[in-house]
Ligand code: NGQ
Ligand code: ZN
C-alpha cells in the first residue's frame, strides 16, 4: 500500500486540500481530505485527474512537421494523407515501437495519463501480415509498458478504399483485413495487452469510407460492452461522397444504421447539421474532438456551442500528434468556438463558471467513457492517475482554485506540469519522463534511419 498526501486536489466534489490517498495495486483504495501528513509521502502542488487522450495514431508523431511545405496546388487533408502514407511505408516494427514510446512519453509529460490508440498499421510494408498478425499491436503495448501509459488499444478494421466498397489503394495495403482476419487481430490485441496491469481493447471501424454496411455490422458485434471508435465527417468531401453513395450525411447514416450508444466515440464529427448535433447528443456517444490536428489539417470547426447546449458529451485526442498537450487541446477547442462565434468564454455554461474548469471536467468525463477504464477521477476504485501542477509556477502562484485551471489551460499549458502519476507511480518528475533519455535516443536513432 502506498500512502500519499496531496497539497491540493480536484476531487469529484471540487477542490480539497491535504488529501490523503491510500493506493493499492495502482488503484485508489481510499481518499481522506483534510488529513494529517503523518506516515504519508507528500506530493507538493496541485493534483488534477490525468486527462484521457481519446484518439491518436502514435506513428504520426514521426512525420510531424514533414507536411508543412506548400505543394504544387491545393494542399489539403488529402495531400497530407499522401505524405503520411509514404512515411508509414518505411516503418519497421522496431520503428513503430520507438516512435510510439516517444509519443506516449510526450503525452505523459503533456498531461495525458491514458490513451486510446487507434491502431491501423498492421502488416508488413508489402501488405503481408506478420507471422503474428498482431505484431504491431504488440509493439504499441510494449511502448505503453515502457512509458507507463494507461492503454485502450483499438485495433482498426480497414477493408475498403472508399464508399460503395471501393478497392483499397496501394498506399493502404498495410491496413487491410477481412472480417475473419480482423477477428484474429482483435484476439491478438487482447493477448498483447494482457501483460499490462490494466488495459482495455475496443473495436474500431476506421471510417464509413473503409467498411461496407455488412462488415461494419459484423465487427461492431465483436465489441461486447467495450468501446467502439470510428472517424466520421471530418472532411467536406467525405460528407459529399457519403451523400452521393447513400443519400444521407455520414453521421445521419451511422445513427440510422448502427447501434450508436454510450460505447461509441465519434472521432471529429466536424460537419454536422442541427439534427445530427442533437442525434449524437441524444445517443450518449462521445464526440472525440482533436482540435489541434483538426486545425492543422484544415478540417473545419465542430458545432461546439450547439452540441454542448444539446447536452452532448466530448473528450479530446492528440490524433496526428503534431503537438502534444492536454491543456492545448482544450484551449484550441474554446478558441475555435470564439473565432466561429466572435465571442468569449463560449463553452462555459453559466455566468461565473470557469471555462478552464468546465472544459477540463467535461473532457475527463467524455474521455473516461470513451476509454472504457476506471480512470478520470481522484476517487475510490479509480486508477491512481493524476497530473500535479507546480503551485509556484509564475502563472499559478498568486491564484487558487478554478483560476489554477484557467491558468493551466489558457496560459501556462504543459510548462506548469511538475509530476505525473500513473497507477500510483511517478512517471514524470520535474516535467521530464523518468526514462526520457533512453526513449529519446531510441527515437532519434529510428528517425535517422527512416528519413535517410
Ligand atoms: C488517419 N487521420 O487514419 O490517420 C486519418 C487520415 C483517413 C485523421 N483523420 C486518413 N486525422 O482518414 O483516411
Ligand atoms: Zn485519426
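The values are calculated or read from the model by the stated rules, or taken from the named source; none is laboratory data. Because the structure is predicted, anything quoted here is derived from the model rather than measured. Quick reminder, even Gly has a Cβ in these numbers, built from the backbone with ideal geometry, and neighbours come from all protein chains shown.
Each row is one residue, and each column tells you yes or no for (1) surrounded by 19 or more Cβ atoms within 10 Å (Cβ to Cβ); (2) in contact (Cβ under 8 Å) with a residue 12 or more places away in the chain; (3) touching a helix residue (DSSP H, G or I) at 6+ places or on another chain (Cβ under 9 Å).
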{"position": "366", "(1), (2), (3)": "yes, yes, no"}
{"position": "380", "(1), (2), (3)": "no, yes, no"}
{"position": "384", "(1), (2), (3)": "yes, yes, no"}
{"position": "391", "(1), (2), (3)": "no, yes, yes"}
{"position": "410", "(1), (2), (3)": "no, yes, yes"}
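Please state which one of 337, 353 is more than 30 Å from residue 85 (Cα to Cα), more than 16 Å from ligand 1 (Cβ to nearest atom) and either assigned to a helix (DSSP H, G or I) or touching a helix residue (DSSP H, G or I) at 6+ places or on another chain (Cβ under 6 Å) (or both).
So the residue among 337, 353 that is more than 30 Å from residue 85 (Cα to Cα), more than 16 Å from ligand 1 (Cβ to nearest atom) and either assigned to a helix (DSSP H, G or I) or touching a helix residue (DSSP H, G or I) at 6+ places or on another chain (Cβ under 6 Å) (or both) is 337.
Anything in segment 300-326 that is buried (at least 22 other Cβ atoms within 10 Å of the Cβ), within 16 Å of ligand 2 (Cβ to nearest atom) and over 20 Å from residue 413 (Cβ atoms)? List them, or say none.
The answer is 302, and nothing else.
Against the definition (within 16 Å of ligand 1 (Cβ to nearest atom) and either at pLDDT 95 or above or surrounded by fewer than 19 Cβ atoms within 10 Å (Cβ to Cβ) (or both)), how does residue 280 come out, yes or no?
Taking the combined requirement at face value, the residue does not satisfy it.
In segment 39-119, which strands (runs of 3 or more DSSP E) lie fully inside it and hold 1 or more residues that are surrounded by fewer than 22 Cβ atoms within 10 Å (Cβ to Cβ) and more than 13 Å from ligand 1 (Cβ to nearest atom)?
Answer list for segment 39-119: 41-49.
Looking at 226, 247, can you tell me which residue is out of contact with any strand residue (DSSP E or B) (no Cβ under 6 Å at 6 or more places or on another chain) and free of Cβ contacts under 8 Å to residues at least 24 places away in the same chain?
Criteria check complete, one pass: 247.
Does residue 184 qualify as being more than 16 Å from ligand 1 (Cβ to nearest atom), out of contact with any helix residue (DSSP H, G or I) (no Cβ under 9 Å at 6 or more places or on another chain) and farther than 30 Å from residue 26 by Cα?
Yes.
Here is a list: 188, 171. Which entry is in a helix (DSSP H, G or I) and closer than 27 Å to residue 261 by Cβ?
After ruling out the rest, the residue left standing is 188.
Please tell me if residue 238 is touching a residue at least 40 places away in the same chain (Cβ under 8 Å) and crowded, with 19+ Cβ neighbours inside 10 Å.
no
Which ones in segment 196-240 are assigned to a loop (DSSP other than H, G, I, E, B), in contact with a helix residue (DSSP H, G or I) (Cβ under 7 Å, 6 or more places away or on another chain), more than 16 Å from ligand 2 (Cβ to nearest atom) and within 18 Å of residue 114 (Cα to Cα)?
Result: 196, single match.
Starting from segment 284-313, take each residue that is without any contact (Cβ under 8 Å) to a residue 40 or more places away in the chain and within 26 Å of residue 61 (Cβ to Cβ) and list its partners that are within 16 Å of ligand 2 (Cβ to nearest atom) and part of a loop (DSSP other than H, G, I, E, B), counting only C-beta distances under 7 angstrom and pairs at least six apart or across chains.
293/320; 293/322; 296/320; 296/322; 302/269; 302/270
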